[in-house]
Amino acid sequence: MDKKKLSVNRRNFVKGSATVASGVMLGGLPFESRANSAANDKLKIALVGCGGRGTGAAVQALTVKEDVELVAMADAFKDRLDSSYENIVEHVKNKDRVNVQDKNKFVGFDAYKAAIDLADVVILTTPPGFRPEHLEYAINADKHIFCEKPLATDAPGIRKVLKLAEVAKQKKLNIVVGLQRHYQTVYRELMKRVHGGEIGQITSTQVYWNGGGVWVHPKQQGWTEMEYQMRNWYYFNWLCGDHIVEQHIHNLDVSNWAVQNHPVIAQGMGGREVRTAKEYGEIFDHHYVEFKYADGTVMNSQCRHIRGCFNKVAEEITGTKGRVDSTGTLYDLKGNIVWKHRNVDDPDPYQQEHDELFASIVSGGVINDLENGANSTMTSIMGRMATYSGVEIHWEDALNSDIKLVPDSFSWDANPPVLPDNEGFYAIPVPGVTKVI
Ligand SMILES: NC(=O)c1ccc[n+]([C@@H]2O[C@H](COP(=O)([O-])OP(=O)(O)OC[C@H]3O[C@@H](n4cnc5c(N)ncnc54)[C@H](O)[C@@H]3O)[C@@H](O)[C@H]2O)c1
């Protein structure tokens, strides 16, 4: 971005800016809407977290119609950054939009800072344990953001993100969170009908992420415990939050979207039946949770990572006049189909997220998905608290919990917050015994 224009925009912004009362300070001055920028101003993008999703998100950001270029990349590991760079170059149509000089490829725990400093828009796609810290740095530095879900793995992280959501609002930053169903036509059409009263008052929701599970990276010779947990992050709660948080958040979020609130109570059960080997760290392989909303609506939630079982990734919303399901179908109380979404030629929601983000930045609009993302992440953390403890969990207690999974600082020689026993196994939560609040 043109430096002169940036300083003019900043000066304009100062007139109306003030210190935020939320406790998170405004750290610098944001550039204003880009509505008046010259057409040849390029929006500079930095990618933080160069794995599968980050690589895809970078390609999508580089596919938007606005003038953009990728200028910086950061990852904890050099091999991940290098392969991501190669993949981006291979898959991006406009290759001249990839302009990452070697000196702007940053590696390590602190790499994110240097990359974010170079950008107007940042893509935050590390494991979710780092999200609050990376969001804080990016928002304090006045960056527009695409960040993946979940937004934290523990309640202190969520509280930080909720404060940052307010700061971002005041700074008029654009922040899209990768709960892509919000950018998917079929869900938008469904919610229009649900919120328009076509199924009457919602009485219950059913949400599912039952599948076979994801990758696993067993420990290699020469890896420290920290390197092992970072590479096999899915199975450690400080990094991942368990699959009820990492994956099932999508379905819990749809229920919250339909009800237009978050649940207030949860109780449930879960455990690990088949994934008991040491490389599966400390997470469960199945959870069932009954959530209740303040108006009495019940959400039945199930998620499972076990092969050879009934698989279903979907949501259903039932009301007093009918129900909808996520195939895009609305039924009356007798089961007759009242409406069906065509599901033809809908835009790719992953691309749509970036199309809307960049269009909003350039037109001076504001998208801020952070608060919703934080509440849906907290819903999933509350579910985990319920299955790990076996007791009823109340929203306020869960949100105010001081149990912190993520350390304050990171280093390759430090021990991670959980350690294996002499045989390489990790402590597994025991319902009825484990304390979560
Ligand atoms: N919305 C979706 O459909 C969707 C799909 C897949 C993943 N995701 C989300 O995207 C995020 C990343 O998932 P993924 O599948 O790409 O994982 P991944 O392991 O492929 O990529 C994560 C990358 O982050 C790097 N990293 C870890 N800690 C870092 C740090 N402190 N600083 C910089 N880099 C760091 C890792 O080395 C790795 O390259 C997760 O939050 C996941 O939930 C969302």
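State to the nearest 20 debye the size of the charge dipole of the range 137-285 about its Cα centre, where the only charges are +1 on K and R beta carbons and -1 on D and E beta carbons.
Values: 17 positive and 15 negative charges, 115 e Å.
That gives the range 137-285 a dipole magnitude of about 560 debye.
Is the shape of the range 123-273 best called rounded, prolate or oblate, per the rule: a/c under 1.5 gives rounded, else a/b larger than b/c gives prolate, else oblate, with a ≥ b ≥ c the square roots of the Cα gyration tensor eigenvalues? Can you show the working numbers first?
Numbers: a/c = 2.14, a/b = 1.27, b/c = 1.68.
Judged from the Cα gyration tensor, the range 123-273 comes out oblate (a/c at least 1.5, b/c at or above a/b).
Each Lys or Arg adds one and each Asp or Glu takes one away; over the other residues whose Cβ falls under 12 Å from the Cβ of Gln170, this sums to +2. Rounded to the nearest 20, the Cβ-based charge dipole of the range 61-120 about its Cα centre (Lys and Arg +1, Asp and Glu -1) stands at 60 debye. Between the range 60-125 and the range 248-275, the alpha-carbon centres lie 33 Å apart.
Ranking Gln221, Val176, Ala277 by how far each Cα lies toward the positive end of the dipole of the chain (charges on Cβ) leaves Val176 at the top.
Sorting the segments 150-156, 187-193, 381-387, 352-358 by their residues' average number of neighbouring beta-carbon atoms within 10 angstrom, most packed first, yields 381-387, 150-156, 352-358, 187-193.
Remind me, what semi-axes does the chain give for its equivalent ellipsoid, largest first in whole Å, using sqrt of 5 times each Cα gyration tensor eigenvalue?
Numbers: eigenvalues 226, 164, 88 Å².
Over the Cα atoms of the chain, the ellipsoid semi-axes are 34, 29, 21 Å.
Once you reduce the range 169-201 and the range 331-350 to the center of their Cα atoms, the two points are 16 Å from each other. Counted by Cβ distance under 13 Å from Ile437, the other residues give a net charge of -2, where Lys and Arg count +1 and Asp and Glu count -1. Express as a percent, rounded to the nearest 5, the fraction of DSSP beta bridges in the chain (both residues included) that run antiparallel. Roughly 55 percent of the DSSP beta bridges within the chain come out antiparallel. Counting only Cβ charges, +1 for Lys and Arg and -1 for Asp and Glu, the dipole size of the chain around its Cα centre is about 920 debye. Local charge for Asn237 was computed over the other residues whose Cβ lies under 12 Å away, with Lys and Arg +1 and Asp and Glu -1, and equals -2.
What ranking of Leu118, Leu179 emerges when the number of other C-beta atoms within 10 Å of each C-beta is taken as an exposure proxy, fewest first?
On the way: Leu118 16, Leu179 27.
The most exposed by this proxy come first: Leu118, Leu179.
No value in this document is a laboratory result; all are computed from the given coordinates. All of these numbers come straight from a predicted model, not from anything done at the bench. Using ideal geometry, Cβ is built from the backbone for each residue, glycine included, and neighbour counts are taken over all protein chains shown.
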